[in-house]
Amino acid sequence: MNITRTGCGRKVVSLAAIAVITLAFTIIPAGRSAYAAEPSEQVIFSGVGFTNDGLHKLGFWIWCMPEGNSPVYTGACRGSVLLYGEGPAAGVAGFIVENPDGTYVARVFSTNANSFILGAVFHNVAPEPAAGPNNLVQFGVLTTDLINSTGVSTNAVVAVTGPGGE
């Protein structure tokens, strides 16, 4: 009978040791969980506009995170830009800055070497964007033929959410 009790005791000790080791590697430190739970400011540009020369119609959807705690996305932008009639939309990535007047400028570059678009810039004109497709966005787009065209979207959606734009 001693052998059975000793074997059972060893099993209990082994299971307890495994549980302690498992917990030690899976518990998230309190500081880190609070760090990840904080909200981030986000800016979205979405719309359709025409270049000032009338040669191109441009569609865009850009998501940016100007402020936040993410080491990957803080200051970064992702999205797509489409020059109608010039092939599929180009996936873009770039960065955003907030101007002193409260407006934002997003600079993005094509993530596809085969795209007709090399890069683009978007700027919301009003520091307090209106709800819905009621905003003026100025843009510039650089194409592979090295033509830099500027234009406006008069019915763009500009959404600013999070700590800076709640």
Exercise for the section: Being over 19 Å from the mean Cα position of the chain (by Cα), assigned by TED's automatic domain parsing to the domain that holds Trp61, surrounded by 13 or more Cβ atoms within 10 Å (Cβ to Cβ) and closer than 20 Å to His56 by Cβ narrows it down to one of Val108, Val152, so name that one. Expected result: Val152
Handout entry: Filter result for the condition that a residue is part of a loop (DSSP other than H, G, I, E, B), without any contact (Cβ under 8 Å) to a residue 60 or more places away in the chain and more than 18 Å from Asp53 (Cβ to Cβ), over Pro163, Pro133, Pro129
Key = Pro129
Exercise for the section: Check the range 74-82 and report whether any residue there is more than 14 Å from the chain's Cα centre (by Cα) and either closer than 14 Å to Phe139 by Cα or of a type outside the set (Asp, Glu) (or both). Expected result: yes
Problem - Within the range 137-163, tally of residues that are more than 22 Å from Ala93 (Cα to Cα) and out of contact with any Gly (no Cβ under 8 Å at 6 or more places or on another chain) - result: 1
Fill in the blank from the handout: Condition set polar (S, T, N, Q) and modelled with pLDDT under 90, scope the range 21-47, selection surrounded by the fewest Cβ atoms within 10 Å (Cβ to Cβ): answer is Thr26
Practice task
Considering every residue within the range 125-137, establish whether at least one is in contact with a His (Cβ under 8 Å, 6 or more places away or on another chain), of a type outside the set (Lys, Arg) and surrounded by fewer than 18 Cβ atoms within 10 Å (Cβ to Cβ).
Solution key: no
Fill in the blank from the handout: Every listed condition ((1) exposed (fewer than 10 other Cβ atoms within 10 Å of the Cβ); (2) modelled with pLDDT of 90 or more) holds for Phe50 save (1)
Handout entry: In the range 68-94, the residues that are touching a residue at least 40 places away in the same chain (Cβ under 8 Å) and surrounded by fewer than 18 Cβ atoms within 10 Å (Cβ to Cβ)
Key = Glu86
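The values are calculated or read from the model by the stated rules, or taken from the named source; none is laboratory data. Not measured: the values here are computed from a predicted model. Glycine gets a Cβ as well: all are built from the backbone with ideal geometry, and neighbour counts include every protein chain shown.
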